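Laboratory data are not the source of any read-out in this text; all were calculated from the coordinates shown. Because the structure is predicted, anything quoted here is derived from the model rather than measured. In this analysis, Cβ positions are derived from the backbone assuming ideal geometry, glycine residues included, and neighbour counts consider all displayed protein chains.
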């Protein structure tokens with residue numbers, strides 16, 4: 001009987017630990033990056049709960065460079081609303097970390113992460129109350145990006161932000 005209890009305890013502990021590790025994928029960018037590499041984008045994204053996906057989006061929205069850098073990998077496993085979420089997440093991040101966002105933008109101007117999407121203030125409903133103020137903050141932030149490799153995408157983004 002003692003042996004059965006020991007096995008049950010070890011099994012329960014293993015379940016708790018594996019759940020804790022899975023939950024960290026959405027709170028530590030390096031863990032999520034490894035998961036994307038190991039399982040692939042489609043499997044990683046489809047295995048996330050809504051709250052886990054929302055957590056990832058919150059980190060992206062913050063402009064944290066490590067999270068923003070994951071967006072192109074995540075986009076490979078999304079469709080529909082999740083794809084839209086990623087473009088909007090980069091738009092939120094743009095005034096906070098323009099260099100990271102410019103690095104994550106699709107150089108081929110695709111529909112999910114292209115300049116015409118990310119730099120067009122693609123917010124849903126009234127999530128950003130003052131779009132002109134957002135555009136002003138984004139332009140000021142972009143003007144500070146000096147990296148020569150990002151100048152073309154920076155100019156394209158500024159042009160998109162200037163559209164009425």
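For residue 75, the test of being buried (at least 17 other Cβ atoms within 10 Å of the Cβ), in contact with a helix residue (DSSP H, G or I) (Cβ under 6 Å, 6 or more places away or on another chain) and closer than 19 Å to residue 126 by Cβ is failed. Taking the range 117-134, which residues are part of a helix (DSSP H, G or I) and either surrounded by fewer than 18 Cβ atoms within 10 Å (Cβ to Cβ) or touching a strand residue (DSSP E or B) at 6+ places or on another chain (Cβ under 9 Å) (or both)? Answer for the range 117-134, where residues must be part of a helix (DSSP H, G or I) and either surrounded by fewer than 18 Cβ atoms within 10 Å (Cβ to Cβ) or touching a strand residue (DSSP E or B) at 6+ places or on another chain (Cβ under 9 Å) (or both): 131, 132, 133.
Of the numbered criteria (1) within 21 Å of residue 30 (Cα to Cα); (2) in contact with a helix residue (DSSP H, G or I) (Cβ under 8 Å, 6 or more places away or on another chain), the one residue 55 fails is (2).
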